[in-house]
1. For a quick check of your reading: which helices (runs of 4 or more DSSP H) sit entirely within the stretch 487-599 and have at least 2 residues that are open to solvent by 20 Å² or more (accessible area, probe 1.4 Å) and aromatic (Phe, Trp, Tyr)?
2. Under 8 Å by Cβ, and 6 or more places apart or on different chains, what pairs join a residue from the stretch 396-413 that is under 12 Å from Thr381 (Cα atoms) with one that is of a type in the set (A, V, I, L, M, F, W, C) and loosely packed, with under 13 Cβ neighbours inside 10 Å?
3. What is the residue count in the stretch 293-347 for residues that are among the aliphatic types (A, V, I, L, M) and open to solvent by 40 Å² or more (accessible area, probe 1.4 Å)?
4. Can you find a residue that is open to solvent by 10 Å² or more (accessible area, probe 1.4 Å) and at pLDDT below 90 anywhere in the stretch 233-251?
5. Provide a single number: the residues in the stretch 443-465 that are outside any strand (DSSP E or B) and touching a Pro at 6+ places or on another chain (Cβ under 8 Å).
6. Hey, can you tell me all the residues within the stretch 44-76 that are within 23 Å of the chain's Cα centre (by Cα) and of a type in the set (A, V, I, L, M, F, W, C)?
7. On the given criteria, is Leu57 open to solvent by less than 20 Å² (accessible area, probe 1.4 Å) and modelled with pLDDT of 95 or more?
8. Can you tell me which of Glu192, Glu173 is exposed (fewer than 14 other Cβ atoms within 10 Å of the Cβ) and in contact (Cβ under 8 Å) with a residue 40 or more places away in the chain?
Amino acid sequence: MPNILTHLISQQALRYGHREAFSGQKGSEWVATSWADFNTQVDTAACALCSLGIAELSSIALFSANRTQMLVVDFAAFANRAIPVSIYSTSSSDQVRYIIDDASVEIIFTGNQEQYATVRALAPSLPRLRHIITFEDVTLLPGDTTTMTFARFMKLGEETAAKWQAEVDARRERALPEDTAAIIYTSGTTGESKGAVLPHSCFNAALKIHRERLTMLSDADTSVSFLPLSHIFERAWTYFCLYMGMRVAVNTDTREIQTTVKTIRPTCMCSVPRFWEKVYTAVQEKLSSMSRFQRAMATLALRTGRRRNLDFVRLGKRVPRTLEWRYRFFEAKVFAPLKKAIGIENGNIFPTAGAPLSPTIVEFFHSCGINIVIGYGLSETTATVTCFPAVGYQIGTVGTVLPRIRVRIGDNNEIQVKGPTVMTGYLNKPEATSEAFTPDGWFRTGDAGRIDASGALILTERIKDLFKTSNGKYIAPQALESRLGEDKYIEQVAVIGDQRKYVTAIIIPAFEALKEYARKKNISYRTVDDLVKNADIRAMLEQRIEKLQQGLAGFEKIKKFTLLPKAFTMEAGELTNTLKIKRPVITSRYAREIEAMYA
């Protein structure tokens, strides 16, 4: 069976011709590329790679923020049986060096001046790296005679097409399911990053499995791509969108995502919980500023939406006529304006994964008719293992297992996975690969969970993150962090308590929201440091945190917290490239503040 990704673009070009395949930003404009042009660009880039000496089964790398050219390069690599390796655009010099060396990268595509300069400085110590190709026009560093722009690279492909097109076609035909399609480097919350080797067979299976599960999607849908394409979630999702014939809009600046969504008006978009947490807090802020009558109307609308969408539609039951009439009224008066304000009035589904999202927030959006599809997966499983089914999903779970994938619960409640989408192993790491699999061949996810009576998976915690207080009580910090993430005044949380008497937290407030609160309450301050030390603000946050923890056992609750005046960042090594906190780094760096909470 031929590999889907190897032949995908040429097949879609035959099917869709001059219909739009993707669009990208050029200044303030969105520029569309047709399937026919996409196919021409892939062939041109494939010939250019061939002319630069890329051999079958060798590696190239992409070190850039999202841009449409990355899709062209990926599929040009597949045409050559080469392996595209993505590097997060925010990666440090040491991380970039490690991946280029570990994956034996020969050609690297960089984005801006900073990324080019990082790679150029490393080049002398990386003998296998032969060419740098820059997506942007950059100022070359002294002595650099091998770097070329992407425009020149494509020109090279045009000039050499007559010589190399036949070879590219032959390589396509020689491609095998066991060929490596991607090496995805894990974000590394602890220890060294590992390259998960995903053969084409994993993507062949994943694409077909997702089409079976996500039957509500078609080539009439439009998706916005804004998570890093270096992350398996966005990468696999974008491949799936292209496989389905959807239009894909590639957002190049995450800071502009709200503007992009309002411009593109997507029907679907994969995202991480933080996106929806921010939307939720913005909506709650809007509700709090409404008149009493408007708030009452919104409350009644949510109650009606919850009953209709969760008690009937979710379970596949016929909606009573009077309830449907009420819902349609509130849809027109409340929910439709809300969705239009966000930019998702055409919404179909919105896959969300990567971290826990509070059930309160999930229920809120479903009550509004916004179909958040919670899922669970890893780099090592070609993304999705479970997700909400169209009917019968259980809020508080991460959905049911996808077709042809198996899940079991092992020792320490570890979730273990087996199926055609599981990686073959970690590149150059036989010991880590051996540790990642059970003796009978199941992949150890490192996540703890359980399967409920409906067959849905409940994710409880990363096993490495679980800690035990000195009283012997187990705490799942991510669950607590997810709860606090609902609050509009809280931006980041790191829960502490391993071998301690009680649970504490380091909290990064949402500074703009805090400043607005200070203005309303006439709290004077000069700096953010003044704000986080203010007793009234601490008292306000203490009350809100206590409310968010209602229903928890006493030993699970955060007893004390410290507010910091600056956010955790990737640059400081406190966050991974996927914005997960590096708990060991934070507990070490803020040891003094932590000890003070236990003094």
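1. 511-520
2. That search, which allows pairs on different chains as well, returns nothing.
3. 8
4. Within the stretch 233-251 (the criterion being open to solvent by 10 Å² or more (accessible area, probe 1.4 Å) and at pLDDT below 90), the answer is no, since none of the residues qualifies.
5. Number of matching residues: 1.
6. Across the stretch 44-76, the qualifying residues are Ile60, Ala61, Leu62, Phe63, Ala65, Met70, Leu71, Val72, Val73, Phe75.
7. no
8. Residue meeting the stated conditions: Glu192.
The values are calculated or read from the model by the stated rules, or taken from the named source; none is laboratory data. This is a predicted model, so every value here is computed, not measured. Cβ coordinates were reconstructed from backbone atoms using ideal geometry, including for glycine residues, and neighbour counts include every protein chain displayed. All accessible areas refer to the heavy atoms of the entire protein, side chains included, with ligands and DNA or RNA removed. Shrake-Rupley method; radii C 1.70, N 1.55, O 1.52, S 1.80 Å.
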